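Trainee: After the C-alpha cells below, expect a handful of questions from me.
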Amino acid sequence: MRIVELLLDEESLQAGIQAISVVESPAIEEDFVALKDEQPKIELKTIDKEKRILMGAALIPNKPIYRRNGEDEYYIYFSQDTVRKASELFFINGNQNKATLEHQMDVQGTSVVESWIIEGEQDKSRMYGMDLPVGTWMVSMKILNDELWNHYVRERKIKGFSIEGYFVDKVEASKQDPEEEKAEEQLKAIKAIIKKDLRTKKGKRTELESYKDYPTSVRNNAKRGIELNKKVNNKCATQVGKVRAQQLAKGEAISVETIKRMYSYLSRAEEYYEEGDTSSCGYISYLLWGGKSAKRWAESKLKSLDKI
C-alpha cells in the first residue's frame, strides 16, 4: 500500500494547520487528557470549579494514518521536521483561537494556551500517563464554551484532537522544489508499524471494506447541499464536509470508518438542522453529509456489521 509523506507548501498563504478540531475518533488515535481542578496546579488566586483545559497530541511524527479516496487506499505521515514547522506556523498565522467540532462546525470560546514539542523522556505528558514519541506536538486547549464543555467534553462524546489544514504530498512538492529522499530505514520502520497494525487490530479487514449501497435520497441530499452551499459562497462546512458531499453525490464507496463518522456527526448535528431553512449552515452541512436518510442508512449498516 502507498505511503505518502505530507509536507508544508511554504509558498502558499494557506499552508499549515488552520484549526484544531475536537473529535470523537482522532486519526492519530490518541485521546486527550482533561485537566480538572483535582490535578496539581500552580498557586492561583482565581479559583474555578474546573480549569476546563484539555491536553493531548495534535500531531505525532512518522505515525502512519490510514486514508481512502474512492478505491485508492494509502497511508500518510508527517516527519518530525514538518510537525515542528506546522506547530510554529499555527501560531505565526494566529490560529490559536480557531477550533471546530468534528471538522464540521466552527466553535467559539476555545484557545490553545500551551504548545510544545516532546524532546525526551522527562516530558510533562508523562505525568498524565501519555507515552508518546519524541517530536510529538502537544497542545493544551482552554474551553470557555459552556455547551462544548458540558455536552461534549464532560460526557466523553469527544476524545481527542484532529488537525485541519493544507499540506502537499512529497511527490507534488518535488515538482516545485526537489529534495533528497527520506532515509530507507524510516520508511521500513513505518511499513513495519502498518504490518503490525494489520496483523493485530481486531476486525481490521472489515474496517478496510467500503460500501455504496446507500439510497438515492442520500445522493440527492448531498447534491442539494452542494447547490445551497454555492449560493452562500461555500461558507458552510469545512473541506472535509465538502469532500464528503462530493463522494456521496457521485455515489462513491465509503469505508466503515467514514460511515461511523457520518452516523456520529449526523446524530449530534441534528439539533442544528432546521428543515426548510435553506440559508442556515446547520441545514446545509447536514445535507452535505447526506441528511436524515444518511443517518438512517449509516445506523442500519453499522448494526448489520455489529459496529454499534
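The values are calculated or read from the model by the stated rules, or taken from the named source; none is laboratory data. Please read all numbers here as calculations on a predicted model, not as lab measurements. Please note: Cβ atoms are built from the backbone with ideal geometry, for glycine as well, and neighbour counts cover all protein chains shown.
Trainee: What are the pairs, 6+ residues apart or on separate chains, where a residue within segment 142-161 that is closer than 20 Å to residue 267 by Cβ has its Cβ under 9 Å from a residue that is polar (S, T, N, Q) and part of a helix (DSSP H, G or I)?
Mentor: As it stands, the answer is 157/264, since those pairs meet every condition given.
Trainee: Next question. Right, residue 306: modelled with pLDDT under 90 and in contact with a Phe, Trp or Tyr (Cβ under 8 Å, 6 or more places away or on another chain) or not?
Mentor: no
Trainee: If you don't mind, there's one more thing I want to ask. For segment 102-117, indicate whether the set of residues that are surrounded by 13 or more Cβ atoms within 10 Å (Cβ to Cβ) and more than 22 Å from residue 153 (Cα to Cα) is non-empty.
Mentor: Among the residues of segment 102-117, at least one is surrounded by 13 or more Cβ atoms within 10 Å (Cβ to Cβ) and more than 22 Å from residue 153 (Cα to Cα), which makes the answer yes.
Trainee: Within segment 273-308, track down each residue that is among the aromatic types (Phe, Trp, Tyr), surrounded by 19 or more Cβ atoms within 10 Å (Cβ to Cβ) and not in a helix (DSSP H, G or I).
Mentor: Within segment 273-308, just 289 meets the criteria.
Trainee: Quickly run through segment 241-258 and pick out the residues that are under 25 Å from residue 148 (Cβ atoms) and in contact with a helix residue (DSSP H, G or I) (Cβ under 9 Å, 6 or more places away or on another chain).
Mentor: 241, 242, 244, 245, 257, 258
Trainee: Residue under question is residue 259, and the condition is that it be among the hydrophobic types (A, V, I, L, M, F, W, C) and within 24 Å of residue 67 (Cβ to Cβ); does it hold?
Mentor: Considered against the rule, which asks whether it is among the hydrophobic types (A, V, I, L, M, F, W, C) and within 24 Å of residue 67 (Cβ to Cβ), residue 259 comes out as yes.
Trainee: Further question on the same structure: Of the conditions (1) in contact with a Gly (Cβ under 6 Å, 6 or more places away or on another chain); (2) under 20 Å from residue 101 (Cα atoms); (3) not hydrophobic (A, V, I, L, M, F, W, C), residue 225 satisfies every one except a single condition; which number is it?
Mentor: Failing condition for residue 225: (1).
Trainee: Residues in segment 74-117 that are at pLDDT below 85 and under 29 Å from residue 236 (Cβ atoms): how many?
Mentor: The number of residues fulfilling the criteria is 7.
Trainee: Pairs needed: first member in segment 244-272, assigned to a loop (DSSP other than H, G, I, E, B); second member anywhere, modelled with pLDDT of 85 or more; C-beta distance under 7 Å; at least 6 residues apart or different chains.
Mentor: Here the result reads 251/212; 251/219; 252/212; 253/211; 253/212, each pair linking segment 244-272 to a residue that is modelled with pLDDT of 85 or more.
Trainee: I've got another one for you. Restricting attention to segment 64-87, report how many residues are over 30 Å from residue 211 (Cα atoms), out of contact with any Asp or Glu (no Cβ under 9 Å at 6 or more places or on another chain) and surrounded by 15 or more Cβ atoms within 10 Å (Cβ to Cβ).
Mentor: Adding up the residues that qualify gives 5.
Trainee: Tally the residues that are surrounded by fewer than 13 Cβ atoms within 10 Å (Cβ to Cβ) and among the small types (Gly, Ala, Ser), restricting the search to segment 124-138.
Mentor: 1
Trainee: Go through segment 231-243 residue by residue and tally those that are without any contact (Cβ under 8 Å) to a residue 60 or more places away in the chain and not in a loop (DSSP other than H, G, I, E, B).
Mentor: Residues in segment 231-243 being without any contact (Cβ under 8 Å) to a residue 60 or more places away in the chain and not in a loop (DSSP other than H, G, I, E, B): 3 in total.
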